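Report on the structure given below.
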Amino acid sequence: SADTGADPLTCRHMRNWMECVRARKNPNAPVEAGYGHAVALIMSNASARMGMRATFDRAYRQVICGGKAFRGF
């Protein structure tokens, strides 16, 4: 196996994902869990960069910071 420099948990996560793709099974965590984690990470990034509170607009699926959609750049 190649040394990817990834930690053991990341390797197990990727192995689970690939096994599920091959076997057409559900992974250990549903895609919604990953989506929720990504939203939380983007919100914390927006808050740190902008220096203010960030919220999530579920209807438009956007992180709002300072009254505007956070674009990340």
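The values are calculated or read from the model by the stated rules, or taken from the named source; none is laboratory data. Model, not experiment: these values are computed from the prediction. A quick note on method: Cβ atoms are made from the backbone with ideal geometry, for glycine too, and the neighbour counts reach across all protein chains shown. These area figures cover heavy atoms from the full protein model, side chains too; ligands, DNA and RNA do not enter into them. Shrake-Rupley method; radii C 1.70, N 1.55, O 1.52, S 1.80 Å.
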**OP:** Search the structure for amide H atoms under 5 Å from the amide H of residue 70, placed 1.01 Å from N in the peptide plane, and list their residues when 5 or more places away or on another chain.
**Re:** 63, 64, 65
Original post:
Which ³J(HN,Hα) values, rounded to whole Hz and listed in residue order, are derived for region 43-48 from phi using the Karplus coefficients 6.51, -1.76 and 1.60 in 6.51 cos²θ - 1.76 cosθ + 1.60 with θ = phi - 60°, glycine and proline given as x?
Top reply: 4, 5, 5, 4, 4, 5
Original post:
Any idea of the accessible area per residue across the chain, 1.4 Å probe, to the nearest Å²?
Top reply: 88
**OP:** Pop out the carbon and sulfur fraction of the accessible area of the chain as a percent, whole number, probe 1.4 Å.
**Re:** 56
Original post:
Using alpha carbons only, how many degrees (0 to 90, rounded to 10) separate the axis of helix 8-23 from the longest principal axis of the chain?
Top reply: 70
**OP:** Report the local net charge at residue 43: Lys and Arg +1, Asp and Glu -1, summed over other residues whose C-beta lies under 13 Å from its C-beta.
**Re:** +3
Original post:
What net charge is computed for the residues neighbouring residue 65, neighbours being all others with C-beta under 14 Å from the C-beta of residue 65, Lys and Arg scored +1, Asp and Glu -1?
Top reply: +3
Subject >> Note, ³J(HN,Hα) from phi for region 35-42, Karplus 6.51, -1.76, 1.60, rounded to Hz, x at Gly and Pro >> reply: 4, x, 5, 5, 4, 4, 5, 5
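Within the set of other residues whose C-beta is less than 14 Å from the C-beta of residue 55, count the net charge using Lys and Arg as +1 and Asp and Glu as -1. Walk me through the numbers on the way to the answer.
Working: positive: 53, 58, 61, 68; negative: 57.
Net local charge, residue 55 excluded: +3.
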